[in-house]
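S.K.: Right, I'll just put the structure down here and ask away after.
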Amino acid sequence: MIEFLIGVDGGGSGTRVRVAEAGGALVAEGSAGPSALLHGIGNAWNAVEQAVAGAFARAGTALPERARLAIGLGLAGVHNRQWAAQFIAANPGYAAVALETDAYTTVLGAHDGAPGAIIALGTGSVGEILCADGSRREVGGWGFPSGDEAGGAWIGLRAINHVQHVIDGRARGGAFADALIAACGGDRDGIQAWLANASQTRYAQLARIVLAHAGSNDTARDMLLEAGRQVALIAAALDNTGTLPIALCGGLGEPMRPFLPLELLERIVSPQGDSAAGALRLVRQHLADTAAAAQE
């Protein structure tokens, strides 16, 4: 018998879970390291399991057997169907698993299941729309470094490129470049070593420095204004009619507001819930659909 439902939001920077009783009452939340599928199927499940265990520990409840748990997951990398199939096949024993992209669970959470669009800005970026007829479509989400425009790693890549120009004498330095250099090794040799080991997550961490200097440095501000233009392009591709509300989500959603074109800001609404809430909605619907199919 399923006693608890778990909603998981997993990306390149970390994993968040929300646990609810089968009847709907929220129990606790937990977090762990990245669970994007590009980090490996085993690593993804390990991060999810750590976050789940942390949530029950925070609630002061013993971790139940997995057979009493149903889990809904919105994970980065699910667009790769081979990875998704491998992840489900590696289920360590949960009674039910409902897996979707983190973009889809984000749109479910942001509009409480109603039609609308989201643009999620975090380590990466992606747009998703849920239309009134139930159809859905994704824009972006191609992954770093070839895509994920306006995401933290995309911004960080431009920041480190600016550092290279400054060190070479191709661009003027200053406090902005100094802060980036200090974060990436301190000198040319240190930066080379940083680059040799830089992950998507490490690039994304540089976005915080860009945001911190945008008010005083034109180069930092230009990077974020270009990111804002990329967000507008995603929005237009999602819904060129301009009729559905758009929620900005993810860790960079709110910080990016000042850098968005004014015409886009008019369509932005606050999300009603997050991707973990959408994942809970996903697993509830999965269980309802499974029950309905069993009765046919």
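S.K.: Mind checking which residues of region 48-106 are polar (S, T, N, Q) and under 18 Å from GLN285 (Cβ atoms)? Reasoning before the result, please.
M.R.: Applying the first criterion (polar (S, T, N, Q)) to region 48-106 yields 50, 61, 80, 82, 86, 91, 101, 105-106.
Those that are polar (S, T, N, Q) and under 18 Å from GLN285 (Cβ atoms): THR101, THR105, THR106.
S.K.: All but one of (1) under 21 Å from GLU29 (Cβ atoms); (2) outside the structural domain of ALA291 (by TED's automatic domain parsing); (3) at pLDDT 95 or above hold for THR123, so report the exception by its number.
M.R.: Failed condition: (3).
S.K.: Only residues that are part of a helix (DSSP H, G or I) and either among the aliphatic types (A, V, I, L, M) or surrounded by fewer than 16 Cβ atoms within 10 Å (Cβ to Cβ) (or both): list them for region 230-254, please.
M.R.: Start the filter on region 230-254 by keeping residues that are part of a helix (DSSP H, G or I), which leaves 230-238.
Once the filter is applied, which keeps residues that are part of a helix (DSSP H, G or I) and either among the aliphatic types (A, V, I, L, M) or surrounded by fewer than 16 Cβ atoms within 10 Å (Cβ to Cβ) (or both), region 230-254 yields VAL231, ALA232, LEU233, ILE234, ALA235, ALA236, ALA237, LEU238.
S.K.: Considering every residue within region 187-194, establish whether at least one is out of contact with any helix residue (DSSP H, G or I) (no Cβ under 6 Å at 6 or more places or on another chain), assigned to a loop (DSSP other than H, G, I, E, B), among the charged types (D, E, K, R) and surrounded by 16 or more Cβ atoms within 10 Å (Cβ to Cβ).
M.R.: No - not one qualifying residue is present in region 187-194.
Here's the yes/no breakdown for (1) closer than 30 Å to GLN272 by Cα; (2) basic (Lys, Arg); (3) in contact with a Lys or Arg (Cβ under 6 Å, 6 or more places away or on another chain); (4) modelled with pLDDT of 95 or more:
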position	(1), (2), (3), (4)
TRP154	yes, no, no, yes
ILE160	no, no, no, yes
ASP168	no, no, no, yes
PHE176	no, no, no, yes
ASN197	no, no, no, no
ALA227	yes, no, no, yes
ALA237	yes, no, no, yes
PRO245	yes, no, no, no
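S.K.: Which count do you get for residues in region 209-222 that are in contact (Cβ under 8 Å) with a residue 40 or more places away in the chain and either in contact with a Pro (Cβ under 8 Å, 6 or more places away or on another chain) or crowded, with 18+ Cβ neighbours inside 10 Å (or both)?
M.R.: Kept after step one, since they are in contact (Cβ under 8 Å) with a residue 40 or more places away in the chain, are these residues of region 209-222: 209-211, 214, 216-217, 219-220.
Among the residues that remain, those that are also either in contact with a Pro (Cβ under 8 Å, 6 or more places away or on another chain) or crowded, with 18+ Cβ neighbours inside 10 Å (or both) are: 209-211, 214, 217, 219-220.
Matching residues across region 209-222 total 7.
S.K.: Same structure again: Output the residues belonging to region 45-80 that are out of contact with any Phe, Trp or Tyr (no Cβ under 6 Å at 6 or more places or on another chain) and more than 22 Å from ILE2 (Cβ to Cβ).
M.R.: ASN46, ALA47, ALA76, VAL78, HIS79, ASN80 - these are the residues of region 45-80 that are out of contact with any Phe, Trp or Tyr (no Cβ under 6 Å at 6 or more places or on another chain) and more than 22 Å from ILE2 (Cβ to Cβ).
S.K.: May I ask you to list pairs of residues, at least six apart or on different chains, whose Cβ atoms are under 7 Å apart, with the first in region 183-202 being within 14 Å of GLN164 (Cβ to Cβ) and the second being modelled with pLDDT of 95 or more and of a type in the set (Phe, Trp, Tyr)?
M.R.: Partner pairs satisfying both residue conditions: CYS184/TRP194; GLY185/TRP194.
S.K.: While we're on this one: Could you go through region 229-249 and let me know if any residue there is under 12 Å from GLY109 (Cα atoms), without any contact (Cβ under 8 Å) to a residue 24 or more places away in the chain and either out of contact with any His (no Cβ under 9 Å at 6 or more places or on another chain) or small (Gly, Ala, Ser) (or both).
M.R.: No: zero hits.
S.K.: Does region 128-136 include one or more residues that are surrounded by fewer than 20 Cβ atoms within 10 Å (Cβ to Cβ) and in a strand (DSSP E or B)?
M.R.: To start, the set of residues in region 128-136 that are surrounded by fewer than 20 Cβ atoms within 10 Å (Cβ to Cβ) comprises 131-136.
Okay, now just the ones that are also in a strand (DSSP E or B), so 136.
Yes, region 128-136 has at least one match.
S.K.: Tell me yes or no: at least one residue of region 278-292 is farther than 13 Å from LEU73 by Cα and among the basic types (Lys, Arg). Lay out the reasoning, then the answer.
M.R.: First pass over region 278-292, keeping only residues farther than 13 Å from LEU73 by Cα: 287-292.
From what is left, the residues that are among the basic types (Lys, Arg) are none.
The answer is no; no qualifying residue exists.
S.K.: Select, from ALA70, ALA98, ALA55, ALA85, the only residue that is aliphatic (A, V, I, L, M), assigned to a helix (DSSP H, G or I), crowded, with 17+ Cβ neighbours inside 10 Å and modelled with pLDDT of 95 or more.
M.R.: Working: ALA70 fails: assigned to a helix (DSSP H, G or I); ALA98 fails: assigned to a helix (DSSP H, G or I); ALA85 fails: crowded, with 17+ Cβ neighbours inside 10 Å.
After ruling out the rest, the residue left standing is ALA55.
S.K.: Follow-up question, since we're still on this one. In region 2-24, which residue that is closer than 19 Å to ALA95 by Cβ and free of Cβ contacts under 8 Å to residues at least 60 places away in the same chain is surrounded by the most Cβ atoms within 10 Å (Cβ to Cβ)? Break it down stepwise before answering.
M.R.: The first filter runs over region 2-24 and keeps only residues closer than 19 Å to ALA95 by Cβ, leaving 2-8, 17-24.
Of the ones still in play, those that are also free of Cβ contacts under 8 Å to residues at least 60 places away in the same chain are 19, 21-24.
Details: VAL19: 27, GLU21: 11, ALA22: 15, GLY23: 7, GLY24: 9.
Applying the filter and picking the extreme gives VAL19.
The values are calculated or read from the model by the stated rules, or taken from the named source; none is laboratory data. This one's a predicted model, so the numbers in the text were calculated from it and none came from an experiment. Cβ atoms come from the backbone with ideal geometry, glycine included; neighbour counts cover every protein chain shown.
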